[in-house]
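Structure first, then comments.
What follows is calculated from the coordinates using simple rules that are stated; it is not laboratory data. Keep in mind the model is a prediction, meaning the values are calculated, not measured. Backbone-built Cβ (ideal geometry, glycine too); neighbour counts: all protein chains shown.
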């Protein structure tokens, strides 16, 4: 009878250890998801003459989306649009080094690659009505309180 009790106790010990391991993994997954849930705002500048000021790019990794918000443009126009306009959210692919997404507008297909290390946005546009391709790189900084 002593042998049988040891076997039952050993099994219960493994079950307890397995339960603790599964709870630890579950806690790790929850904290990892929470880290992804924090949206990030980039403040970017295209360095183009028709850009009246910086604009923001909102990154939401938990939802896999990116949106643009313009701060204002000179009368000659330009992307991301007139003052106060929001573009997106666009479905995006997030990985440790880059975020990629596309905007298929009536005039052009724009693809974007955000470099998470250099804080740049690389834009490549291919015109639809006019056979034209253009490329630009914007510099950005993470929008956080400075003091």
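What full-extension length gain, to one decimal in nm, is calculated for residue 38 and residue 131 as 0.36 nm per residue of separation minus the Cα-Cα distance?
29.5 nm
I want to check the label-to-label distance for residue 141 and residue 45. Put each point 7 Å from Cα in the C-beta direction and report it in nm to one decimal.
Label-label distance for residue 141 and residue 45, simple model: 0.9 nm.
Determine, for each peptide in 93-101, 38-46, the mean count of other beta carbons within 10 angstrom over its residues, then list the peptides with the highest first.
The most tightly packed comes first, giving 38-46, 93-101.
What order do you get for 142, 121 when you list them from fewest to most C-beta neighbours inside 10 Å?
Least crowded to most crowded, the residues run 142, 121.
Of 144, 128, how do they rank once you tally other Cβ atoms within 10 Å and put the fewest first?
So the residues, fewest neighbours to most, are 144, 128.
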